[in-house]
Amino acid sequence: MAWLRDTKQWTRGAALVVCPKSVIHNWLAEIDRFTPSLRARAVTNETMETWDPGEKGVDLWVMSYAQARLNEERVTRPQWVAVILDEAQQIKNPSSQIAKVARQLKSPRRLAMTGTPIENRLLDLWSLFSFVMPGLLGPKAQFTRLYDGRADPLARKRLAARVRPFLLRRTKAQVAADLPEKVEEDFICEFEKEQKTLYNAELKFAQQALLRVTTQSELDKTRFHILASLTRLRRICCHPALVKKDAKGKSGKLEALMEHLETLIEEGQKALVFSQFVEMLDR
């Protein structure tokens, strides 16, 4: 993106990144780290209703796949400077709504990033290229007949030769030396609306209780209640229903977890999920 702007190829408008909700903050952090001059903004659930793709002072918008799917008209209307799909296997099913939205995005520059370009069938690859370079692999029916529906090794070689000029690929062997024994990732999750309201109310209650403490003896008497409030705040972060049984709102953390698990399961991986709260595991 910075290269486009530095080479004067940046026309009016902004670029768009569509990615899983769990990595939106990663994108913003990396942009701030490597290209701080690029003015990037995230589209949140709270700002979605008033979001203006043409807002001045924004070079790049970052949004989730769910937001793009639910706001098809506003996302597909502008002419984007560039469009990037992160974890692009999200559009591997060409019949899915998000794949249809991706194909309608208008931009002369398109990039799809994925660690699993083919998960189940060659049609996954067709779906990715129908976004990146429409028409390169022909109509879906023709592609299925020539490649996906045949066990002909020569057909696979012809397909590999056709897409190779458009792939920038690193194999596991190339990056194995750089991989640490253990990789830890922090996912920053946004509160859902009711969850945020409940959290702020509990936080205000705890702060007011603490401000009323003026002596050490009062602090000793209040210590248990402060710890209880901290636990309640942690429970609200997991899910509002853990402290309010009739809560109907969603949990930002649970939504991010399920999205991440779905990706792992589709990749054939196994996962262990831990939580201090049994009720959260039940959910």
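A few comments on the model shown:
- In segment 190-234, the alpha-carbon atoms span a convex hull of 57 Å³ per residue.
- The residues of the chain expose, per residue, 64 Å² of accessible area to a 1.4 Å probe.
- Total charge dipole magnitude, the chain, about the Cα centre, Cβ charges on Lys, Arg, Asp, Glu only, Debye to nearest 20: 940 debye
- Debye, to nearest 20: dipole size of segment 143-283, +1 on Lys, Arg Cβ, -1 on Asp, Glu Cβ: 540 debye
- About the Cα centre, charge dipole magnitude for segment 120-205 (Lys/Arg +1, Asp/Glu -1 at Cβ), debye: 940 debye
- Fraction of accessible area attributable to carbon and sulfur, the chain (%, probe 1.4 Å): 55 percent
- Residue ranges 96-102, 161-167, 123-129 sort as 123-129, 96-102, 161-167 when ordered by packing (mean number of other C-beta atoms within 10 Å per residue, highest first).
- Among the listed pairs Lys21/Lys248; Lys172/Lys196; Lys106/Lys182; Lys100/Lys244; Lys100/Lys250, those beyond 30 Å (Cα-Cα): Lys172/Lys196; Lys106/Lys182; Lys100/Lys244
- Based on the convex hull around the alpha carbon atoms, segment 198-264 presents an average projected area of 5.6 nm².
- Using every pair of separate Cα atoms, the Kirkwood estimate puts the hydrodynamic radius of the chain at 22.1 angstrom.
- Close amide H pairs (under 5 Å, H built 1.01 Å from N) link Ala112 with Leu85, residues at least 5 positions away or on another chain.
- Near Cys238, once Lys and Arg are set to +1 and Asp and Glu to -1 for all other residues with Cβ below 9 Å from its Cβ, the sum equals +3.
- Highest to lowest packing among 273-279, 255-261, scored as the average C-beta count within 10 Å: 255-261, 273-279
- Treating each Cα of segment 11-148 as an identical point scatterer and summing with the Debye formula, the log10 of I(q)/I(0) at q = 0.10, 0.15, 0.16, 0.22 Å⁻¹ comes to -0.33, -0.72, -0.81, -1.39.
- Quick note on segment 165-283: its Rg to Rh ratio, both from C-alpha atoms and Rh being the Kirkwood radius, is 1.16.
- Dimensions in Å of segment 57-210 - Rg and Dmax from alpha carbons: 20.9, 74
The values are calculated or read from the model by the stated rules, or taken from the named source; none is laboratory data. A quick note: this is a predicted structure, and the numbers were derived from the prediction, not measured. So basically every Cβ, Gly included, is an ideal-geometry build from the backbone, and we count neighbours across all protein chains shown. To get the accessible areas, we keep the full protein, side chains included, count just its heavy atoms, and leave off ligands, DNA and RNA. Shrake-Rupley method; radii C 1.70, N 1.55, O 1.52, S 1.80 Å.
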